[in-house]
Structure formats: structure tokens, C-alpha cells
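Here's the structure we're looking at; comments come further down.
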Amino acid sequence: MKYVDEFRNADLARAVSAEIASLVDPKRHYKIMEVCGGHTHTIYRHGIKDLLPDQVELVHGPGCPVCVLPMGRVDEGIAIAERPEVIFTCFGDMMRVPGSKGNLLEIKAEGADIRMVYSPLDALRIAHENPDREVVFYAIGFETTAPSTALTLQRAKKEGIENFSVFCNHVTIVPPVRALLDSPDLRLDAFIGPGHVSTVIGCRPYEFMPADYGKPCVVAGFEPLDLMQSVLMLVRQLDEGRCEVENQYGRAVLWEGNLKALEAMSEVFELRPYFEWRGLGFIAQSALRLSADYADLDAELRYSTPGVRVADPKACQCGEVLKGVLKPPECKVFGTACTPERPLGALMVSSEGACAAYYNFGRKSFEKVEIGSR
Amino acid sequence: MKDDLTLLGNCTLDHDGCVVCSDAGIPVRVLSIDGDDALCEDSAGNQTEIAVELVAPVTQGEIMLTHGGVAIGKIEAENLTPER
């Protein structure tokens, strides 16, 4: 069974852990943000924090597309889903995200035709099979997911399917990271870059981090050893005074990314002038909408969505957690009014949200008591 | 053959997390090709059709990363072991 589980090999992980411990400057603090929700999940699920010295602090970033979606966009999706002629399709991630008057799962229980799909191509197939109905796909996600929406729209156009449209909520990773770096709230030393976003966009878009802000970045995979190695690479950079973009996830990320995917995205999408992010406010050129060539498949135009803005619940501190200013348990409603069963904020909905990951896998520190000492 | 796929992580096509939020990239092997789609298999033996336009051309036996039913990348075989 050559290679099996090598990226979960405990001996290698311990060796990397020891090397990090030997390299860290005991007088220094290393504050590293993992941008991606998938990384947050791996860190908690596998107890990575326990393998790192106290000087290394991991801060969770805004890289969960469900978590950063403002409530108004959820409400607008629900308004489309409630139309009798519509079959509304979305990824499972979206079903429990709270809007101001409920979530898609509740609307479905009341009779709306809402179907969970695994791929936007499944939504297109539903449109093909139901020519007398209007099929809408609720598109969310960063650059990992945008190519699948782009490809689906290209196929819809090629096949002349007119009863299909996309409500586009795709966002891009670089502008929110730049916004965080501009934020006076937060002092970060380095970044762990998202692995599969980088499979699409490559490593070049992160070069502004060292160039403009003097912060190193390592693009990382999603297994425990991937993250440990990435922390090691960042600690080495910081100790040696280097500041550059490095690629730990070479088995899946090329420096230039996937050019065909980028080409499909540039044909189908264009940048919005600005987009609202939960907790971060409006960020310029941080999201995608359908280009003029694809306007006839744009659900936003087909249903004239009004651009609703809804304030988050007052008790909810998702914004501070998203920016890394608060740790999840420091939120006023964490684990009390807001739980994975009854989420108040989006960070508790997605299993990759920082609060849900912390709730499910986070460990509390207990005073150690030697057996027989009492 | 399937064991090679676990090098790329333990994520499979029946991944029960949030596909989008977890930035999931599922490693699969190409079994057969039919136009712009390919029948693929993951490390658990699950099989499904994957759209391959964005990584074309593909050949039987190649390993790809898929997300939301679409192949988004190929695997660089020379980088398959952890480095120190």
C-alpha cells in the first residue's frame, strides 16, 4: 500500500512539529491567517493547534463563501424560489443559511420546488428535462467553483436551453484579503493561501502580499501534513527575513493556474463594481456577475431582483470572527443562542465555517492533574 | 490503483461536507471518455460523469481534481510525496 495516508503520517507530522518548535523564536509571536474554510476545518478536525508551539497563532479568514454571503442575497434567492414557475437549484451548502425570514429548507417544506444539486450541470439537466418550467441555479463560491458555473452557462448557450438561468453570487479571494490587510483591527504576519482556488488562479495573484504589504504567503493543500509543512515554510521565511509566495501544494497547483478555466470565466463573467460581504461591508471588484453576452441567462435580470440589504442580527458577531479579531468562543452567542442545530450567524451554518468547526472539534484547555496526586 | 488517489487526500465523491466552502477538490481517475465528459472513479470506488473541457485533452488512467462535477486541474505526478 505504497503512499497510502502519507499526508496523514503521524511520524512525519511529529517530525515537522518538532522542527517548527526548534525554529520559532521564543520571544516572537507568529500570527498566521488561513484564508480558506477548508483549512480551518482541517486544523480543528485533526488537532493541528496541539502540534504547534504557543508562539504560533492561527487566525481564521473569510474563505467560506456561505459565511460571507449577506442576508439580503439569501432573501433574494428565496424570493425567486417562491415563484410557482421556478425550480430552484443550489448546492447543499446553501440550504440552511438563514435569511431574514427563514432558510431555503423551510421554504421547501412550505411547498417551494427547491432541489439540492451536486453540480450546476445537474441543474442544467433538470432544465432540459422540464422544458415547461424555469430552472434557476443559485451560484456561490470562490474561483474553485466559478469555472463549473462558467462551463454550465457555456453549455446552456451552446445547447440553446432558454428555461435556465443563474443567480450569480461568485466572489473572488484577493480583494477581501487586501481589505483585511488594509484593516487597522488586525496585525498578521503571514498567510496560508487556499489550495484549490489556486488550482484555478495559480500563485501569481498572491504576489501583492509580499510586494505591497511585506507578508509571506504559502499556498497549501488540505491534509494535516500539508498544513504543518506550510506553517514550517512560513516560520522559515519569517525567521530568515524572506518574504515571498511559495507553493506547498505542487501536486495540484501550477504557478500559472488553469488557463482554460480562467478563459471560460473571463468569457462568462465580469467583475461587479462592488459587492457586499457579511462582516466586511462593501468591497470593490470583489465579485462576479454574468457578462453582457450571457445577460439572457442572468436570473438577476430575468427576475429583476431589487438588491435588498438586510442587517445581520445585532447579537451576531460573525464580522469580527471573519476578520480574525474575535475567536469563535469569544462571540456573545457562541454555543448558546447560536449552535449548528439553530444557527444565528452563517459561520455556524457551514461545516467549514469557523464557528461550526470550533463548536464540533474545538478543544477546551483543562488543568492537567497527575493521577494519584490527590 | 485506487490507493494512489489517497495521496491527494481522503476526499471522495460522496463527500458530506460543504463542497463549496471546503474548497473541495476530489481526486478521481479517468476510466473512459465520451466527448466532453469522462466516467471517473474516486478512491472509494464511487463512479460518476465529470465534465473535462477545462483540462482537455484527458487520457484514460489520468488523475484529475474535480469540483462540482467539473474537472478543474490535473495532478502533477512528480510532486506526490510529502517533503520536509
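Just so you know, all these numbers are worked out from the coordinates, no wet-lab data involved. All values reported here derive from a predicted model rather than from experimental measurement. Positions of Cβ are generated from backbone atoms using ideal geometry, with glycine treated the same way; all protein chains shown enter the neighbour counts.
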How big is the antiparallel share of DSSP beta bridges in the protein assembly as shown, given as a percent to the nearest 5? 45 percent
Per GNM of chain A with C-alpha springs under 10 angstrom, the most fluctuating residue out of A:351, A:304, A:119 is A:304
Across region A:128-167, how large is the tail of the calculated P(r) beyond 13 Å, expressed as a percent of all Cα pairs? 53 percent
Any residue on another chain or 5+ positions along whose placed amide H is under 5 Å from the amide H of residue A:57 is listed here as A:30, A:31, A:32
Cβ density ranking, 10 Å radius, fewest first, applied to A:198, A:291 yields A:291, A:198
Principal axis lengths of region A:230-374 from Cα atoms, whole Å, largest first? 75, 44, 25
Per residue convex hull volume, Cα only, the protein assembly as shown, in Å³ is 160 Å³
Please compute the contact order of chain A in relative form: average sequence separation of alpha-carbon pairs under 8 Å and at least six residues apart, divided by the residue count, as a percent. 21 percent
Across A:49/A:215; A:108/A:323; A:158/A:260; A:27/A:314; A:101/A:323; A:327/B:74, pairs whose alpha-carbon gap is larger than 29 Å: A:108/A:323; A:27/A:314; A:327/B:74
Find out how many positive minus negative residues lie around residue A:169, taking Lys and Arg as positive, Asp and Glu as negative, among other residues whose Cβ is under 14 Å from that of residue A:169. -3
Counted neighbours (other Cβ, 10 Å), sorted fewest up, put B:30, A:136 in the order B:30, A:136
Residue with peak Gaussian network fluctuation, chain A [Cα springs, cutoff 10 Å], from A:98, A:175, A:194: A:175
Please name whichever of B:45, A:170, A:119 sits farthest to the positive end of the charge dipole of the protein assembly as shown, dipole taken about the Cα centre and charges placed at Cβ: Lys and Arg +1, Asp and Glu -1. A:170
Residues whose modelled amide H sits under 5 Å from the amide H of residue B:74, counting only those 5 or more places away in sequence or on another chain, are B:65
If you build a Gaussian network model of chain A, linking Cα atoms that sit under 10 Å apart, which residue out of A:306, A:70, A:176 swings the most? A:306
Rounded to the nearest 5, the percent of antiparallel DSSP beta bridges in region A:31-126 equals 10 percent
Just the Kirkwood number for region A:1-89, please: inverse of mean 1/r across all distinct Cα pairs, in Å, one decimal. 16.7 Å
Can you list residues whose amide H is under 5 Å from residue A:339's amide H, if they're 5+ apart or on another chain and H is modeled 1.01 Å from N? A:344
How much length, in nm to one decimal, is gained on full extension between residue A:260 and residue A:361, taken as 0.36 nm per residue of separation minus their Cα-Cα distance? 32.6 nm
About its Cα centre, how strong a charge dipole does the protein assembly as shown have in debye, to the nearest 20, once Lys and Arg get +1 and Asp and Glu get -1 at the Cβ? 1480 debye
Whole-Å distance linking the alpha carbon centroid of region A:131-169 with that of region A:214-264 is 31 Å
Every cysteine in chain A with no other Cys Cβ under 4.7 Å from its Cβ, please list them in numeric order. A:36, A:90, A:168, A:203, A:217, A:243, A:316, A:318, A:331, A:338, A:355
Computed, not fitted: 222 nm per-residue ellipticity of chain A from DSSP H runs ≥ 4 (each -39500 (n - 2.57)), nearest 500, equal to -10000 deg cm²/dmol
For region A:305-310, 3J(HN,Hα) per residue [Karplus equation, 6.51 cos²θ - 1.76 cosθ + 1.60, θ = phi - 60°, Hz, x = Gly/Pro]: 5, x, x, 5, 10, 10
